[in-house]
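The values are calculated or read from the model by the stated rules, or taken from the named source; none is laboratory data. Please read all numbers here as calculations on a predicted model, not as lab measurements. Don't worry about glycine lacking a Cβ; one is built from the backbone with ideal geometry, like all the others, and counts go over all protein chains shown.
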Amino acid sequence: MCFDLAWPADMDALLDAPETQRRHDLDGYMPYWAQPWPSSVLLAEAVLAGEPGAGRSAIEIGCGIGLASLAALRMGWVVTASDYDEEALLYAMLNARTNGLRFAGVKSIDYREPLAEPAYDCVLASGLLYEQRCCEPVARWVASALRPGGFALLSDPNRTAAESFVGHAAAVGLRLEVRSVESKAPAGLLHRGRIWRATKAG
């Protein structure tokens with residue numbers, strides 16, 4: 001299955017932009033959302049090969065340009081796309097429209113701030129476990145967002161930093177399964193990584 005995607009044409013210009021520099025100095029911000037990373041391809045393929053949504057609710061955190069969210073829409077999930085960056089959400093909405101799809105909503109979400117109560121049957125996240133400091137807040141957010149019986153799918157390109165996700169997930173009551181995956185999309189380039197499936201213990 002193919003998607004027609006748009007993203008910023010000049011990554012260097014985005015990195016050099018004064019607003020990017022200001023936000024980086026304030027909070028370590030980097031515009032990682034502005035390109036389709038291999039881990040988003042791995043997650044999108046896992047979603048497309050997975051169970052149908054059948055009208056259940058899903059949210060992608062750190063959606064970037066929205067690839068995994070589009071895959072979930074195609075599989076019948078009612079999807080909310082979310083990102084810390086408002087510009088990322090604009091591209092995600094553009095890509096949904098271009099592919100004849102529609103989100104249930106878009107939200108600006110900082111995954112360092114857990115939800116007050118569970119709201120989703122499925123949580124999706126690609127490439128967020130890129131530093132050890134990210135693993136604990138991602139685990140907490142997933143645990144806060146999942147309804148009983150729900151699950152999360154997270155992808156990473158075999159980064160060593162992601163290993164600490166295991167302990168943080170257990171600490172917040174998540175049960176993990178992990179499997180190795182690979183993809184030759186796009187353009188026939190081989191990408192390897194992992195899909196983490198998280199469910200609430202008990």
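Apart from one condition, residue 137 fits all of (1) under 14 Å from residue 168 (Cβ atoms); (2) touching a residue at least 60 places away in the same chain (Cβ under 8 Å); (3) of a type outside the set (Phe, Trp, Tyr); the exception is (2).
Against the list (1) within 21 Å of residue 36 (Cβ to Cβ); (2) of a type in the set (D, E, K, R); (3) out of contact with any helix residue (DSSP H, G or I) (no Cβ under 8 Å at 6 or more places or on another chain); (4) at pLDDT 95 or above, the condition residue 179 fails is (1).
Meeting the requirement of 2 or more residues that are in contact (Cβ under 8 Å) with a residue 12 or more places away in the chain and crowded, with 16+ Cβ neighbours inside 10 Å, the strands (runs of 3 or more DSSP E) wholly within the range 1-119 are 57-60, 78-83.
Every condition in (1) over 15 Å from residue 60 (Cα atoms); (2) not in a strand (DSSP E or B) is met by residue 181 except one, and the failing one is (2). The single condition among (1) closer than 18 Å to residue 197 by Cβ; (2) out of contact with any strand residue (DSSP E or B) (no Cβ under 9 Å at 6 or more places or on another chain) that residue 44 does not satisfy is (2). Residue 165 satisfies every condition listed in (1) under 25 Å from residue 54 (Cβ atoms); (2) touching a Cys at 6+ places or on another chain (Cβ under 7 Å) except (1).
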